[in-house]
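In what follows, a structure is listed as structure tokens, so that the remarks can point back to it.
Quick note: the coordinates plus some simple rules give every number you see, no bench work behind them. Predicted, not measured: the structure shown is a model, and the values here were computed from it. Heads up, the Cβs are rebuilt from the backbone with ideal geometry, glycines too, and the neighbour counts pull from every protein chain shown.
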Amino acid sequence: APASEPPEPPLAAPFPLPYEDAFDSQPVGSQARFLSDQGGSFEIVDDPNETRGKVLQQKVLSCPISWAPNPDPFTVAGAVNWTDYEVEVDVSLDSLVGRSIPASGCGGIGGSSDTYAA
């Protein structure tokens with residue numbers, strides 16, 4: 001039997017604003033919709049502090065072997081044509097930071113791994 005054809009991609013459209021996401025509709029272990037991880041890896045997890053349903057958590061806590069300086073881990077959202085917008089984010093530094101894990105993951109100054117929080 002022939003393989004079925006993939007569905008057609010949706011038509012281009014502006015990003016729907018205002019946008020809000022608490023990650024509750026997305027499965028644990030998945031990447032967040034509309035975010036693009038850079039120099040790190042982030043996944044949706046059940047909130048370890050049990051104050052919210054699900055949260056976005058940085059998952060790579062050690063520096064890879066690299067051929068060039070690593071950027072600090074970050075994830076981006078938005079579009080290049082956005083010019084006037086506001087962002088609100090709740091942040092929590094968990095207990096791993098107290099174990100001298102690099103606060104920036106691997107970036108540090110000039111890509112070194114010497115930026116720590118303890």
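Work out how much length Asp47 to Gln31 would gain on full extension: take 0.36 nm times their residue separation and subtract the Cα-Cα distance, in nm to one decimal.
Values: separation 16, 0.36 × 16 = 5.76 nm, distance 1.50 nm.
Net length gain for the segment: 4.3 nm.
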field: Spacing of the two label points (7 Å from each Cα toward its C-beta) at Leu17 and Ser62, in nm
entry: 4.2
statement: Residues whose built amide H sits under 5 Å from the amide H of Asp37, excluding neighbours closer than 5 in sequence, are Val76
statement: The answer for Asp21, listing residues at least 5 apart or on another chain whose modeled amide H is closer than 5 Å to its amide H, is none
